[in-house]
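The values are calculated or read from the model by the stated rules, or taken from the named source; none is laboratory data. It should be emphasised that the depicted structure is a prediction, and the values quoted were computed from it without experimental measurement. Counting neighbours? That spans all protein chains shown, and the Cβs are built from the backbone with ideal geometry, glycine included. Surface areas here come from the heavy atoms of the whole protein model, side chains and all, with no ligands, DNA or RNA. Shrake-Rupley method; radii C 1.70, N 1.55, O 1.52, S 1.80 Å.
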Amino acid sequence: MMKQFLGLSLVLLSANYVHAQFAPQVGNVGTTAIHMDSSVWVNWANNCSLQRGWQNIADTTLGKAIVGDDSYVPGKAGNGVVSLGDGGFATVTFEHPIVNGAGYDFAVFENGFIDQTLAPGTAFLELAFVEVSSDGENFVRFKATSLTDTLQQTGAFKGMFANNINNLAGKYLGQYGTPFDLEELKDEPNLDVNNITHVRIVDVVGSIQNTFASRDAQGNKINDPWPTPFASSGFDLDAVGVIHQNMNLSLSEKMNSTRVTIFPNPVAENQDIHVSFQQTAATHLLVYDMLGNSINTHNTRTADGMMIQLPKAGIYHLLLANGEETISKRITVR
């Protein structure tokens, strides 16, 4: 009986080895992790908007995740994290568009860790889908794969093997970015891989319950630590680093040269806000709240720009775009 048990164990271990086919954790041969101090970084995300998720999607009475805010994400990794909560997401933008260069083009940083309570070879990892857009409206998701066993729920303080995971942010330890290659998306409609202006990070709900489960591109449930009913629930976004960018398209310099102004700012509820720019400088105007929700505004074209109104107090991000470049401005409504 013992020999049969040992034989079965070896078969299971061998099966796990065969399926564990992706890049391994930091410190192992073949890892694709990139340290935050690497010389490959040419830039970092410079703006972030949030849509928080629940601390526990199965018990919404606990409220939403609250750790960190959108100011923690811009700039180099290591400045703190913002917790997305179950199914929450963050959308980041950049000074220059990301382009499809040779190899990986950008990377997402989380704060995974290893300690003595975890099984050997595993790390505490919280995962997220990654999506990109070249217009801020149409987002395309990288095809993710999770081969982690789904027979038993990964508990809130349990570890995972990185080599069971592909195209999911958060597979590496803190200070190390998970890289993504735009070449994989080059044939996607409604996406220009040489003009990526937005990256969206969407928390994976790691539950294996059908009601709440997130699934990979093959329809497999993605099993990661869950539930995590804490203020820091869900994916903890640190930063997004850029490896390849288009320096010929500045998302700030070119728009700034057109002397974009917003007046008044701060502004009262339902007060006219005059957004001034040259007629050819912007053809689209989008407004998002601090949760990343698109806001419908009453827009009126003027001789040198546009007049808008915002009905509720809060902080908003206004995006101006002309198909080649985008600039973000912050508006405070009191």
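Details
- Subset of region 36-56 [assigned to a strand (DSSP E or B) and open to solvent by 50 Å² or more (accessible area, probe 1.4 Å)]: TRP54
- Residues of region 245-282 that turn out to be open to solvent by 10 Å² or more (accessible area, probe 1.4 Å), in a loop (DSSP other than H, G, I, E, B) and either at pLDDT 95 or above or among the polar types (S, T, N, Q) (or both), as a count: 10
- Flag for GLY170 being more than 22 Å from GLY241 (Cβ to Cβ) and in contact with a Ser or Thr (Cβ under 7 Å, 6 or more places away or on another chain): no
- Filter result (open to solvent by 50 Å² or more (accessible area, probe 1.4 Å), out of contact with any helix residue (DSSP H, G or I) (no Cβ under 9 Å at 6 or more places or on another chain) and not in a strand (DSSP E or B)) within region 164-203: GLN175, GLU183, GLU184, LYS186, ASP187, GLU188, PRO189, ASN190, ASP192
- From VAL67, VAL132, residue being modelled with pLDDT of 95 or more and open to solvent by less than 10 Å² (accessible area, probe 1.4 Å): VAL132
- Matching residues, region 57-110, being within 20 Å of SER207 (Cα to Cα) and part of a loop (DSSP other than H, G, I, E, B): ILE57, ALA58, ASP59, GLY63, ALA65, LEU84, GLY85, GLY87, GLY88, GLU110
- PHE94 being open to solvent by 20 Å² or more (accessible area, probe 1.4 Å) and touching a residue at least 12 places away in the same chain (Cβ under 8 Å): no
- There is no residue in region 114-123 that is within 29 Å of ILE208 (Cα to Cα), surrounded by 17 or more Cβ atoms within 10 Å (Cβ to Cβ) and not hydrophobic (A, V, I, L, M, F, W, C).
- Filter result for THR148 (open to solvent by 20 Å² or more (accessible area, probe 1.4 Å), among the hydroxyl-bearing types (Ser, Thr, Tyr), under 30 Å from THR117 (Cα atoms) and more than 20 Å from the chain's Cα centre (by Cα)): yes
- Residue within region 7-26 that is in a loop (DSSP other than H, G, I, E, B), out of contact with any Phe, Trp or Tyr (no Cβ under 9 Å at 6 or more places or on another chain), open to solvent by 50 Å² or more (accessible area, probe 1.4 Å) and at pLDDT 50 or above present: yes
- Taking the listed residues LEU310, LEU320, LEU291, the one that is touching a strand residue (DSSP E or B) at 6+ places or on another chain (Cβ under 8 Å), open to solvent by less than 20 Å² (accessible area, probe 1.4 Å) and modelled with pLDDT under 75 is LEU320, with no other qualifying.
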